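Data block below; observations after.
The values are calculated or read from the model by the stated rules, or taken from the named source; none is laboratory data. All values reported here derive from a predicted model rather than from experimental measurement. Please note: Cβ atoms are built from the backbone with ideal geometry, for glycine as well, and neighbour counts cover all protein chains shown. Note: areas computed on protein heavy atoms with side chains; ligands, DNA, RNA excluded. Shrake-Rupley method; radii C 1.70, N 1.55, O 1.52, S 1.80 Å.
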Amino acid sequence: TVWGAAFTARNCDASAVARFRAPDDGGTHVLLIHAALTGEQWAEEADYRPVTRAQLQATRVAYAMLGHFHDGRGDGFLCYPGSPEPLDWGERSGAHGASIVDVADGTVTSEAIAIARRRYVERTVSVAGASGSAQVEVAVATAAAEEPGASLRVVLTGEIEPGCEIDARSIAERCGAGLTELAIVDRTVPAYD
């Protein structure tokens, strides 16, 4: 039996979990709920039905399938399948896909299947000592060649020669071939004597 609790208001508390107990009927019970698991990988998010593993286990379900966080994870008791695709730069880590959940003979197993095609990647590239934009462009092109098809953010760091001008937009236009997108963040500082 699958029991569910949708996210039905702007803010939801854990009362739906606190009040629920799966019946002791010999069946296999699974909970499907939108909730923010706290006390483990993620910080508490008070407005998004914060629950703990202990609260979920107190429901007496065999397995809990959760929605809210978009980077997938799971174990023998619960899973966040994650979003099928990362939605923005904030989701550049973690697995994105779906979970195949199998219920058989009173046991529940889950297999994470990565299906995301889009990748968000951030690379820090030192261009210390660069005296011209051509040197910076070579460093960006090298980073871009290592991440084909990605949405790539290159963060440029290091002390550069005072006369070195970096035109991030032009470099991104010239080096972005083969990428979904290329963003360049210039955090360089001019060297001085």
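With all protein chains present, how much of the accessible area of region 65-193 (probe radius 1.4 Å) comes from carbon and sulfur, to the nearest whole percent?
For region 65-193, the apolar C and S fraction of the accessible surface comes to 50 percent.
Mind putting a number on the dipole of the chain about its Cα centre? Charges go on the C-beta only, +1 for Lys and Arg and -1 for Asp and Glu, and I need it in Debye to the nearest 20.
Values: 16 positive and 27 negative charges, 127 e Å.
Once rounded to the nearest 20, the dipole reads 620 debye.
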- Message: Taking the Cα centroid of region 109-134 and of region 63-99, what is the distance between the two, rounded to the nearest whole Å?
- Response: 19 Å
- Query: Which residue, chosen from G82, M65, A134, occupies the Cα position most advanced towards the positive end of the dipole of the chain, where the dipole is computed from +1 (Lys, Arg) and -1 (Asp, Glu) charges on Cβ about the Cα centre?
  - Reply: M65
- Message: Using only the heavy atoms of the protein chains and a 1.4 Å probe, how would H70, H29 rank by accessible area, largest first?
- Response: H70, H29
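Provide the net charge surrounding S93, with neighbours chosen by a C-beta distance below 15 Å and charges set as Lys +1, Arg +1, Asp -1, Glu -1.
Within the 15 Å Cβ shell, the charges total 0.
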- In square angstrom, what is the accessible area per residue of region 54-193 with a 1.4 angstrom probe? 54 Å²
- Solvent accessible area, Å² - L87, 1.4 Å probe, full protein context: 110 Å²
